[in-house]
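Heads up: the structure comes next, in structure tokens.
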């Protein structure tokens, strides 16, 4: 959304609340994902979690859930806004196409975060049942 530079004098992504919401949600989830990648590398390389294991398991699961819902909410709002401005996009077809692509990539991010949420949920259940780390 941020790189959508094909604009006219009337259409800018930051003039639409829904597109700003899409940008903010995707930025927040990107920062969270980078943190989780770093935490996963730490856990694999040191064979220890950043937080105590019970906290780490619940932290991962709860944040995956919250950020997945944030993404789907933002991208749903962005989809509605993109649909609403389709009539004004005859002159700025590139703006609308780039907006659609940004929203679609947000939904792809949601799918990956959904899979991560399922895996972290599995990890929570294994921790509750076994009381220790689950290795695959």
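Taken together, the values in this text are just the output of simple stated rules run on the coordinates, not laboratory data. Since this is a predicted model, take the numbers as computed values, not measurements. Here the Cβ positions follow ideal geometry from the backbone for every residue, glycine too, while neighbour counts run over all protein chains shown.
Computed values, structure above
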item: Relative contact order of the chain, defined on C-alpha pairs under 8 angstrom at six or more residues apart (%); result: 33 percent
item: Helix 53-84 vs. the chain, principal-axis angle (Cα, 0 to 90°, nearest 10); result: 10 degrees
item: Rounded tilt (10° steps) of 17-46 against the dominant C-alpha axis of the chain; result: 30 degrees
item: Acute angle (nearest 10 degrees) that the helix 93-130 long axis makes with the longest principal axis of the chain, alpha-carbon atoms; result: 10 degrees
item: Protection proxy ranking of 57-69, 37-49, 112-124 - average other beta-carbon atoms within 10 Å, highest first; result: 57-69, 112-124, 37-49
item: Those residues of the range 58-80 whose amide nitrogen sits under 17 Å from the label point placed on residue 119, 7 Å along Cα→Cβ; result: 58-68
item: Highest-first arrangement of 75-87, 18-30, where packing means the average Cβ count within 10 Å; result: 18-30, 75-87
item: Kirkwood hydrodynamic radius over Cα pairs of the range 13-130, then Stokes diffusion coefficient at 25 °C and 0.890 mPa s, in µm²/s; result: 156 µm²/s
item: Separation of the residue 86 and residue 73 label points, Cα + 7 Å toward Cβ, nm; result: 2.6 nm
item: Two-site label geometry, residue 128 and residue 34: point separation in nm, points 7 Å out along Cα→Cβ; result: 3.4 nm
